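One structure is given here, and the rest of the page talks about it.
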Amino acid sequence: MALLLVIAGAIVGVGAAAALLAADQVRLLVGGLLALLAFIGVFALFGFAIGAFTTSRRGVRSDLTKTIVDSSREAIVVTEGDGRIAYANEAYVELSGATSPQLIKPAERLFSGAADVSEAIYRLAQAAREGRRASEELRVSGLAAGPAEAIWYRIRVRPVERPSGRSATLWAISDVTRDRERHENVFQELQQAIDYLDHAPVGFLSIEADGAVAHINATLAGWLDHDLASFAPGSLKISDIVAGDGTALLSGVRGTPGEVRTDSFEVDLKRRGGRTLPAQVLHAVAFGSDGSPGPSRTVVLRRGGDATGTGAGGDELRFARFFHATPMAIATVTEGGEVVRHNAAFARLMGGASADAEGRRSILSAVSDRDRDRLRGAIAAAAAGRVDVAPVDATLQGDRNARLFLSVMDEATDEGEAAVIYALETTEQRALEAQFAQAQKMQAVGQLAGGIAHDFNNMLQAIIGYSDLLLANHRPTDPSFPDIMQIKQNATRAAGLVRQLLAFSRRQTLRPRILALGETLADFSNLCRRLIGERIEFDLRHGRDLWPVKADVNQFEQVIMNLVVNARDAMPNGGKLSIRTSNAHAAEIDAVRNKGMPQADHVLIEVEDTGSGIPPDIIEKIFDPFFTTKDVGKGTGLGLSTVYGIVKQTGGFVYADSAVGTGTTFRIYLPRATPEEEAEEAAQTVAPEPPANPRQRQPDLTGQGTVLLVEDEEAVRRFAERALVQRGYRVLTAGSGLEGLEVANAHDGAIDLILSDVVMPEMDGPSMLKELRKSRPDARVVFMSGHAEDAFEKSLDADVKFSFIAKPFTLKDLAEAVKKAIAA
C-alpha cells in the first residue's frame, strides 16, 4: 500500500509541475519521465528472468519449504546430474561435519568403508543415475560427525523435478539404529520363545488342513527319532508320525464356522524305526467362516515312565491304547444320536457325520436317509434297556457300508450317554457279496447262452452251408436266386445275434493284438459321427502318451459302437457325446468306486452323453442279457451285455455312472500291455500282403487229398462232405469221436487232414486227436466249433498245432481253411 501511495503522489506532483511550467519544459519533463519508466520496466523484466525478484506468494512458499526441510531430523541433500550439490539441509551439513558449504561431500563420497557399504552406495548411485527410486539399510561406523560406534542408516534416493528442467536427485538419510535394536530385541525374544518351545518337556506339533506337518519341536522330534535339522515344512505327513486310525482323530475334525475346538485323547505315535510311542494329545483347531478346518496346534504329552506305559498312569494308558487300536469303531451316543465319546476307528469310519450349530455331531447324519429311521429305533431300544437289539446294516456317506451293534450303558452319565455303538465296516464284504452274486448270475446265464449259441450255430451252419450249395448252382438271373439270398442273409443276421450271446458268455474267438487306442478311435470317429447324426455334438479327446493295450480291434470297435448307439437313443432331441481317453495309474485306482478292480496300470476310455440318464433301480440291471428299456422291436437287450462280455474277456472292467436328467458315463478300463506282450507282437508282425487285383481271377479252391470229417450234427456233416467232394477231396466221415478213431484205424492209406467238431458226445474233438496222434503223429487238424478257440486249446498239449474255423462258416471259408491246412 505504501508503494502505491508513493506512486500516486509522484503522479500528482508531475501533474502539478506540468501546470506551472511552460509547454517546452512540460515536453521535456514528460519525455524524461517516460524514459525513466521504460528503464525501470526493462530492469524489472531482467530481474524476474534471472530470479532476482519474486512475487510475495512464491517467496513465502520457498521460505516455508526451506524452513521445513532445514528443521527435519532426516539429513537431506539434493545433487544435480553432474554430482554437484544443489542444496543440503542443516542435518546433512551436521552429518557430513563440513565447516563451510564448499566442504560438503555428496552422499556417495560421505559413506565408504566395508564392501557391503560400498556395494549398497553403488546400487543407490546407479538408481539415481537411472532416475529410479531405491532404498538401502546399512551399518556404518566412523563418520566425521558421528559417534565412534556403528550406526544403522536408511538411505533413500528419488528423482526430483526442477523449474529449470535440469535433472536432480534427492538423498534422504535417516538414523534407524533404535528401530533395528528394537527389532533385534523382538527377534531375540521370539528366538528364546522358540528355543523354549523346542526344548519344553512336552511336544508341539502344527498340522495343516491337508495333513502336512508345518512345525515340530525338538522334544517331539527327539521322541520320534527324527532329525530336526533336516525337517522342512510339509516334508512329513500326519500319517508318518501317528499310528493306525489315530490320524482320523487329528485330521477328521469337523466344526461350525468360527469355532475353536480343543479335544484330548490318547494315540500311538510312530517312531522313525517303526516302534510306537503312547502319548496323550491336546488337539486344538480353528474353523474358518465356511466351516473348513484350518491349521491345528497340537500339544503332545508323553504319558508313563516309558514307551510300554508301566509308569504312572500306565493302566489308563494301556486301556486308551487298546481302545484306540481296536479295528472296531466304538462310540457312546445320547438318545438323540449325538456322539459323546468315540475312538479313532469310529472317527475314521464316521467321517461323514456333520456338526450342528453348536458343534455337536450326530451319528444319524453319517448314515443314508433310508437307514436313519432303523438306526434311530435301535438307539431308542438300547436306551430303554433292551439287550437284544438287532444289528443295523447301514450305508454310510461315501458309498461305504457298516454293521452297527448297540448295547445298553451300564450307568448314567452327566453327558446323557444312552447307548454304546460298536461298528464294523462291511464295505469290502458287501462289495464281494454283490460281485459274487453278479458273477454267479452271469455265469449261469452265460452257460445257458453258450449252450444255446452252440446249438444255434449248428443249425445256422446247415442253413448257410446249403444256401451256398444252392447259390453255386443258380445264376443271379434265376427266379429262385433272390429267395436263396434272403435265406442266407437272415441266417447271417441270426449268426450275429449268436455272436453277441457268445460275447456275453465270453466264449467267442478273439484275435487280440497291441493297439494304440488313440489311432483306433480316430479311425472309428467318422463312423461314430454318422451313427449319431447331425443333431448331436461329437467330442473326441485323446490323452497324452497313451499306453498300448492288447485287444481285438474289431470287438473293441463293437464295444464303442454299442455305447455310441445307446447314447444316441438317449438323446432324441440332441445333446453332446464325448469320448475321452487317459492313462489310469495304479495309485489312482479307487478300489471303493471301482469294485473288484485291482490296483494296476490301465487305460481308461470314457463315453459320456448328456441324455436322459438311467434311474438307480435300473442301472444295476443294464448289463443283464435281454434286459432293455426300449419299445418292443427296437432292441434285443444284448448291446450292453455284449459290451460287458467283450471287456471282461479282454481282461478289463466296465462301470456306469448316471444321473437322471443329466446323462450317463461309461468308464472302460483296459489293462496296460506289458513289455513282453509288445515284444511278442513285434516278433510276430509280418509285412501285409499286397492288395488283390480286382481283375485277377478268383483263387482256385480245389484240392486233392484225404480228409477225415468228424461231426455229430448230421446236416453239418452232409454239407461239409458235399462241399469238399465237389472241390476234389476224398472224404471219410464219422458221427462222433469214437467213430472217428474207428474210421481212421480202418483206413490203410494216409489221412492228409482231420476236420473235426470240438463238442461231441462220448468223445470230444481234442480227446480224439490225442488218441489219433499215437498212430498218426504228423496228422494235420482243423477244429470247427461254435465256441471260442481258447475254450478248448488249454486241453491240448503245448506242441499240438491246429487251425480253427468258427461256426457258422460259408462254403468258401471251409474250402480256404482246408486247402491252407493241407498245404501247410
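The values are calculated or read from the model by the stated rules, or taken from the named source; none is laboratory data. Model, not experiment: these values are computed from the prediction. Every residue, glycine among them, receives a Cβ derived from its backbone with ideal geometry; neighbour counts consider all protein chains shown. Calculation scope for accessible area: heavy atoms of the full protein, side chains included, ligands and nucleic acids excluded. Shrake-Rupley method; radii C 1.70, N 1.55, O 1.52, S 1.80 Å.
Yes or no, residue by residue, for (1) in contact with a strand residue (DSSP E or B) (Cβ under 7 Å, 6 or more places away or on another chain); (2) within 13 Å of LYS550 (Cα to Cα); (3) in contact (Cβ under 8 Å) with a residue 24 or more places away in the chain:
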{"residue": "GLN649", "(1), (2), (3)": "no, yes, yes"}
{"residue": "SER658", "(1), (2), (3)": "yes, no, yes"}
{"residue": "THR665", "(1), (2), (3)": "yes, no, yes"}
{"residue": "TYR669", "(1), (2), (3)": "yes, yes, yes"}
{"residue": "GLU677", "(1), (2), (3)": "yes, yes, yes"}
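In segment 519-527, is there at least one residue being at pLDDT 80 or above and surrounded by 16 or more Cβ atoms within 10 Å (Cβ to Cβ)?
yes
Is it the case, given these coordinates, that SER230 is open to solvent by 20 Å² or more (accessible area, probe 1.4 Å), at pLDDT below 75, more than 21 Å from ARG361 (Cβ to Cβ) and among the hydroxyl-bearing types (Ser, Thr, Tyr)? Don't jump to the end; show me each part of the working.
Details: open to solvent by 20 Å² or more (accessible area, probe 1.4 Å): yes; at pLDDT below 75: yes; more than 21 Å from ARG361 (Cβ to Cβ): yes; among the hydroxyl-bearing types (Ser, Thr, Tyr): yes.
Yes.
Only one of (1) open to solvent by 30 Å² or more (accessible area, probe 1.4 Å); (2) part of a strand (DSSP E or B) is not met by VAL78, so which one is it?
(1)
Residue under question is SER612, and the condition is that it be modelled with pLDDT under 80, of a type in the set (S, T, N, Q) and out of contact with any His (no Cβ under 7 Å at 6 or more places or on another chain); does it hold? Steps first, answer last, please.
On the way: modelled with pLDDT under 80: no; of a type in the set (S, T, N, Q): yes; out of contact with any His (no Cβ under 7 Å at 6 or more places or on another chain): yes.
It is false that SER612 is modelled with pLDDT under 80, of a type in the set (S, T, N, Q) and out of contact with any His (no Cβ under 7 Å at 6 or more places or on another chain).
Helices (runs of 4 or more DSSP H) wholly in segment 174-241 with at least 3 residues that are in contact (Cβ under 8 Å) with a residue 40 or more places away in the chain - which ones? Lay out the reasoning, then the answer.
On the way: elements: 177-198, 218-223, 238-241.
Correct list: empty, since no element meets the threshold.
Report, by residue number, each residue of segment 545-573 that is more than 29 Å from GLY661 (Cβ to Cβ), at pLDDT 85 or above and open to solvent by 60 Å² or more (accessible area, probe 1.4 Å).
Residues satisfying the conditions are ASP545, LYS550.
Would you mention how many residues in segment 564-584 are under 18 Å from ASN526 (Cα atoms), in a strand (DSSP E or B) and out of contact with any Gly (no Cβ under 7 Å at 6 or more places or on another chain)?
5
State whether one or more residues within segment 752-770 are touching a Lys or Arg at 6+ places or on another chain (Cβ under 8 Å), touching a residue at least 40 places away in the same chain (Cβ under 8 Å), open to solvent by less than 70 Å² (accessible area, probe 1.4 Å) and farther than 20 Å from ASN458 by Cα. It would help to see each step written out before you state the result.
Step one: filter segment 752-770 for residues touching a Lys or Arg at 6+ places or on another chain (Cβ under 8 Å), giving 752-754.
Retained after the next criterion (residues that are touching a residue at least 40 places away in the same chain (Cβ under 8 Å)): 752-754.
Checking the rest, the ones that are also open to solvent by less than 70 Å² (accessible area, probe 1.4 Å) come to 752-754.
Narrowing the set further to residues that are farther than 20 Å from ASN458 by Cα leaves 752-753.
The answer is yes; a qualifying residue exists.
Suppose we keep only residues that are among the charged types (D, E, K, R) and assigned to a loop (DSSP other than H, G, I, E, B) within segment 266-287. Which one would you say is modelled with the highest pLDDT?
ARG271
Go through segment 129-142 and report how many residues are surrounded by 13 or more Cβ atoms within 10 Å (Cβ to Cβ), modelled with pLDDT under 85 and of a type outside the set (Lys, Arg).
The qualifying residues number 3.
What is the one condition in (1) modelled with pLDDT under 85; (2) part of a helix (DSSP H, G or I) that LYS820 does not satisfy?
Tallying (1) modelled with pLDDT under 85; (2) part of a helix (DSSP H, G or I), LYS820 fails exactly one: (1).
I'd like the full set of residues that are among the β-branched types (Val, Ile, Thr), in contact (Cβ under 8 Å) with a residue 12 or more places away in the chain and either within 17 Å of ALA779 (Cβ to Cβ) or open to solvent by 50 Å² or more (accessible area, probe 1.4 Å) (or both), limited to segment 698-736.
THR702, THR706, VAL707, VAL710, VAL731, THR733
Taking segment 527-552 only, how many residues are within 29 Å of the chain's Cα centre (by Cα) and in a helix (DSSP H, G or I)? Walk me through it before giving the result.
First, the residues of segment 527-552 that are within 29 Å of the chain's Cα centre (by Cα): 528, 536-551.
Next, only the ones that are in a helix (DSSP H, G or I) stay: 528.
So the answer is 1.
Give all pairs with beta carbons closer than 8 Å in which a residue from segment 381-399 that is exposed (fewer than 15 other Cβ atoms within 10 Å of the Cβ) meets a residue that is in a helix (DSSP H, G or I); count only pairs at least 6 apart in sequence or on separate chains.
Pairs that qualify, where the first residue is exposed (fewer than 15 other Cβ atoms within 10 Å of the Cβ) and the partner is in a helix (DSSP H, G or I), are ALA390/ALA378; ASP393/ASP371; GLN397/ALA366; ASP399/THR427.
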